[in-house]
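Below is one structure, written out as structure tokens; comments come after it.
The values are calculated or read from the model by the stated rules, or taken from the named source; none is laboratory data. For clarity, every value in this text was computed on a predicted model and none was experimentally measured. Quick reminder, even Gly has a Cβ in these numbers, built from the backbone with ideal geometry, and neighbours come from all protein chains shown. Accessible surface areas use protein heavy atoms only, side chains included; no ligands, DNA or RNA. Shrake-Rupley method; radii C 1.70, N 1.55, O 1.52, S 1.80 Å.
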Amino acid sequence: MIRITRDDSYADKLRAYEIWIDGVYRGSINRNETMEFAVERGRHAVCAKIDWCGSDTIFVEVGDSVVNMEVGSELTGWKMLLSLVYIIALNDEYLYLRVKN
């Protein structure tokens with residue numbers, strides 16, 4: 001099982017992020033929402049997208065326990081001033097996706 005929680009950041013607060021697992025769209029996650037995805041044991045590629053921007057693809061190993069992840073926008077604080085740079089040049093770094101400990 002993969003559990004993904006979206007943060008409470010201001011950026012994109014009215015828009016959903018798409019969650020893709022192994023190249024297949026699995027659903028959209030809204031601000032302050034947690035979603036769970038049933039997957040088989042083994043290695044899985046997970047990424048988040050919004051329009052043409054997104055996160056890096058993260059590879060996770062799913063075993064007996066739940067893999068907890070979080071997703072959110074990199075555009076917080078002073079980085080909001082760099083919005084156009086992220087949209088044009090750093091579009092695969094617009095969102096963060098990471099495994100939570």
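Starting from the range 27-44, keep only residues that are farther than 16 Å from Ser65 by Cβ, then list their pairs with residues that are part of a loop (DSSP other than H, G, I, E, B) and of a type in the set (Ser, Thr, Tyr) whose Cβ atoms are within a distance under 8 Å, requiring at least 6 positions of separation or different chains.
These pairs meet every condition: Arg31/Ser9.
Among the residues that make up the range 44-53, is at least one of them in a loop (DSSP other than H, G, I, E, B) and modelled with pLDDT under 95?
yes
Name the single residue, out of those in the range 64-79 being at pLDDT below 95 and not hydroxyl-bearing (Ser, Thr, Tyr), that is farthest from Tyr10 (Cα to Cα).
Asp64
Go through (1) within 20 Å of Gly63 (Cβ to Cβ); (2) open to solvent by 30 Å² or more (accessible area, probe 1.4 Å); (3) of a type outside the set (D, E, K, R) one by one and return the number of the condition Ala16 breaks.
Unmet condition: (1).
Quick one: would you say Asp8 is open to solvent by 80 Å² or more (accessible area, probe 1.4 Å) and either part of a loop (DSSP other than H, G, I, E, B) or of a type outside the set (Lys, Arg) (or both)?
yes
State the number of residues belonging to the range 19-41 that are surrounded by 12 or more Cβ atoms within 10 Å (Cβ to Cβ), assigned to a strand (DSSP E or B) and aliphatic (A, V, I, L, M).
Residues meeting the conditions: 4.
Looking at the range 54-74, which of its residues are polar (S, T, N, Q) and part of a strand (DSSP E or B)?
Of everything in the range 54-74, those that are polar (S, T, N, Q) and part of a strand (DSSP E or B) turn out to be Asn68, Ser73.
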